[in-house]
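Participant: Quick one: structure below, then a few questions.
Please treat every number below as a calculation from the coordinates, not as lab data. Since the model is a prediction, treat every value here as computed from it, not as a measurement. Cβ: placed from backbone, ideal geometry, glycine included. Neighbour counts: every protein chain shown.
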Amino acid sequence: MKYYLTTPLYYVNGAPHLGHAYSTCVADAIKRFRRMQGYEAVLTTGTDEHGQNVERAAKRAGRSAAEFADRVAAEFRRQWEAAGIQYDRFIRTSDPRHHQTVQWLFERCRERGHIYQGAYTGQYCFNCELYVNEAKPGDPCPDCQRPTETVTEENYFFRLSAFQERLLELYERHPAFIQPEARRNEVLSFVRGGLKDLSITRTTIQWGIPVPVEGRHVFYVWFDALIGYLTAVRQDNYWPADMHLIGKEIVRFHAVFWPAFLMAADLPLPKRIVAHGWILFEQDKMSKSRGNVKLPEPIQKVVGIDGLRYFLMREIVFGQDGSFSYDALVGRYNADLANGLGNLASRTLNMIAKYCGGVIPGPAAGLDAGVGRLAREVIFNTIDCYENLEFSRALEAVWSLGAAVDKYIVEHKPWSLAEREDLESRTQLDGVLATAAETLRVSCVLLYPVMPWASEKIWRQLGQTDPLGEQRVDKLEWNPPSELPGRPLGQIEAVFPRLDKAEAIHRMQELEQQARREQAELLGKPEEATAAGPGEGKITIEDFAKVELRVGQVKSAERVKGADKLLHLMVDIGEPQPRSIVAGIAQAYTPEQLLERKVIIVANLQPRKLRGVESNGMVVAASIENGQPVLAGFLEEAPVGSRLK
């Protein structure tokens, strides 16, 4: 059985960010799950490299469009390989093989009367590379809100209007063609509103695939890029795609334009278009144009690849928008991974090593029936959730099994059973530890699509030698004969070490600054580096005005329990109640030194918790060569609550 799925082809006017990583990690999890069901699953990803945006970005970087695209495409490859993504095809739209496929499909459509020559005068959004048919001069683009520009050029047009009824019939006959339901309704509304013919060539740009006609036409980027899914597998008989996984902002192109192009060429249609939501940061869409993107690599270096994958698929309900913050990431890592799965694996394996000589016991009285019933239910529910792309519910189900066996261990106290020398206690001890080990085995198989490296590590520690990724998840059973009993454990090591939240967040922020500098160099945009050199990275007065600096007076100060660097301050800034602020200055100042001292605080930061204490602001300090902070202050009297200007 073959199964073909794709990520979007990512546009090379910017480097990879967390939104790209989310799409790609989800696709990778789907592919792993299908492989475990016995499918010959193939995953295509790649880069969309043509168009005016890339020409402009290359010019800013002082490079040719081809050289610029080469550098950014290589960065996408590098990051996906560093993240362990099991892609099978990486298609670039600048690949000559792709040029041939696009020209071939164009000719098929033209031969069947679906393409004609014409001219267009109207508004065009260069950011979205999209004609805005209803716009007037000066109107903004409805998608990105940037000003449109008036253009006139000779084009070749695709008769999109001729496919309105066929598309509506497709959506009616195959309700699952577009998912989730909200995106399906959005597309239905758009198509029912009437389709206009689509310009599919350009004469005003050079960086694109030549059209096999007279004149200097190149293909419009969306006609070009969509065909990349077909190019990747055209010679391998994998078409049509079983699933196109995309972001919701490009659903119209995939669910309207793409099937119409294929209908016109008499080619099979993809089976499903599945759109996920946006990742929000501080309640705003994370995007390159807003400049608020988070980068995956710094996060992976602190919480691990599986830590990031788990957070994205557990925290974000697939198909909906989801929020990201470093605080929430580390909080869930510690609660679910370090204290949950990691702790269960560690305590189970170490007790087997201590009480059973490092060999998984064969329970004379059998495994626990209650845990077994729950395990069978969890196996069924998890596989069903994966089938329906309900990753958050799938992970929740597996964690319910872990929580149940944790409770089971506490209730049966294997450490107490081990102290007794009677046969009954020994039999009970073997049963408890064998049940816990079997729970880990089942959990490894169920978690592998989302967390392959952590699952593999626990799998090996259980003494398993066969490849975990080749386990048939649809044939998974609780307690199959002779699976674990008698197996010597592998080397025991921590899977998810607990993180100090403040230190982990600080480290991710440091690594992000470094990664931004590297990306800025890659893109030829030194002004976008976070840590810019003299004269670079300047902000406007409007940017500065967004930061609310106020005079505050410290009314109380105490050390934060368990944190060497943190002090909890209550600071009067002229409000009815003092502000609670956590500051990393405990190694430079004692609490007594700060009482009644006037400081400068940033008063309009988003609140966050550090070591369980809310911090609603930030104390301003200088960092000198040895890293010690020096608080900013005043020579003259400054009233509490005054705003700095």
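Participant: Output wanted: per-residue J couplings in Hz (rounded whole) for the stretch 149-155, from phi through Karplus 6.51 cos²θ - 1.76 cosθ + 1.60, θ = phi - 60°, x for Gly and Pro.
Facilitator: 10, 7, 10, 10, 7, 7, 9
Participant: Does the stretch 538-645 classify as rounded, prolate or oblate by the C-alpha gyration tensor (a ≥ b ≥ c root eigenvalues; a/c under 1.5 gives rounded; else a/b over b/c gives prolate, otherwise oblate)?
Facilitator: Since a/c stays below 1.5, the shape of the stretch 538-645 is classed as rounded.
Participant: If amide hydrogens are placed 1.01 Å from N in the peptide plane, which non-local residues have theirs closer than 5 Å to the one on Arg579?
Facilitator: Hits under the 5 Å cutoff: Val571, Asp572, Ile573.
Participant: For the stretch 361-370, take each phi angle, set θ = phi - 60°, evaluate the Karplus expression 6.51 cos²θ - 1.76 cosθ + 1.60, and give the result in whole Hz per residue in order, putting x for glycine and proline.
Facilitator: Calculated HN-Hα couplings, in order: x, x, x, 5, 8, x, 7, 5, 5, x Hz.
Participant: Quick one: putting +1 on the C-beta of Lys and Arg, -1 on the C-beta of Asp and Glu, what dipole do you get for the stretch 2-276 around its Cα centre, in Debye to the nearest 20? Don't skip to the answer; put the middle values down first.
Facilitator: Working: 34 positive and 32 negative charges, 105 e Å.
So the magnitude is around 500 debye.
Participant: Here's another thing I want to ask about it. With the crude spin-label approximation of a point 7 Å out along Cα→Cβ, what separation in nm comes out for Ser400 versus Glu521?
Facilitator: Placing both labels 7 Å beyond Cα along the Cβ direction yields 5.0 nm.
Participant: While we're on this one: If you rank Leu105, Leu522 by fewest surrounding Cβ atoms within 10 Å, what's the result?
Facilitator: Leu522, Leu105
Participant: The stretch 544-639: which trypsin sites (Lys or Arg not before Pro) are DSSP loop and have at most 15 other beta-carbon atoms within 10 angstrom? The partial results should precede the final answer.
Facilitator: Working: sites: Lys546, Arg550, Lys555, Arg559, Lys561, Lys565, Arg579, Arg597, Lys598, Arg608, Lys609, Arg611; in loops: Lys546, Lys561, Lys565, Arg597, Arg611.
Answer by residue number: Lys546, Lys561, Arg597, Arg611.
Participant: A further question on this structure: Could you please state, rounded to a whole Å, how far the C-alpha centre of the stretch 47-104 is from the C-alpha centre of the stretch 1-33?
Facilitator: 15 Å
Participant: List His506, His174 from most exposed to least, where exposure is judged by having the fewest other Cβ atoms within 10 Å.
Facilitator: By the 10 Å Cβ count, ascending, the order reads His174, His506.
Participant: Given the options Ala353, Val378, Leu417, identify the residue whose Cα lies farthest towards the positive end of the charge dipole of the stretch 299-475 (+1 on Cβ of Lys, Arg; -1 on Cβ of Asp, Glu).
Facilitator: Ala353
Participant: So for the chain, taking the charge dipole from beta-carbon charges (+1 Lys/Arg, -1 Asp/Glu), which of Thr427, Leu523, Leu295 sits furthest toward the positive end?
Facilitator: Positive-most Cα among the choices belongs to Leu523.
Participant: Which value, in debye to the nearest 20, gives the size of the charge dipole of the chain about its Cα centre, when Lys and Arg are +1 and Asp and Glu are -1 at the Cβ?
Facilitator: In debye, rounded to 20, the chain gives about 180.
Participant: Also, I was wondering about something else. For the chain, with the dipole built from +1 on Lys and Arg beta-carbon atoms and -1 on Asp and Glu ones, taken about the Cα centre, which of Val191, Ala162, Thr204 lies farthest toward the positive end?
Facilitator: Looking along the dipole axis, the top candidate is Thr204.
Participant: I need the chymotrypsin sites (Phe, Trp or Tyr not before Pro) found in the stretch 30-88, filtered to DSSP loop residues with at most 16 other beta carbons within 10 Å of theirs.
Facilitator: Those that pass, being in a loop and sparsely packed, are Tyr39.
Participant: When a footprinting reagent is the concern and you count Cβ atoms within 10 Å, what order do Met570, Met351 take, fewest first?
Facilitator: By the 10 Å Cβ count, ascending, the order reads Met570, Met351.
Participant: Give me the percent relative contact order of the chain, please, defined on Cα pairs under 8 angstrom at least 6 residues apart.
Facilitator: Relative contact order for the chain comes out at 12 percent.
Participant: Another question, if that's okay. At 0.36 nm per residue, and after removing the present C-alpha to C-alpha distance, how many nm does the segment from Arg597 to Asp236 gain when stretched out fully?
Facilitator: Numbers: separation 361, 0.36 × 361 = 129.96 nm, distance 7.22 nm.
Full-extension gain reported as 122.7 nm.
Participant: Quick one: putting +1 on the C-beta of Lys and Arg, -1 on the C-beta of Asp and Glu, what dipole do you get for the stretch 1-103 around its Cα centre, in Debye to the nearest 20?
Facilitator: Computed charge dipole of the stretch 1-103: roughly 100 debye.
Participant: Also: Round to a whole angstrom and tell me the spacing of the C-alpha centers of the stretch 459-515 and the stretch 350-401.
Facilitator: The stretch 459-515 and the stretch 350-401 have Cα centres separated by 14 Å.
Participant: OK, next. Output wanted: per-residue J couplings in Hz (rounded whole) for the stretch 98-103, from phi through Karplus 6.51 cos²θ - 1.76 cosθ + 1.60, θ = phi - 60°, x for Gly and Pro.
Facilitator: 5, 3, 5, 5, 4, 5
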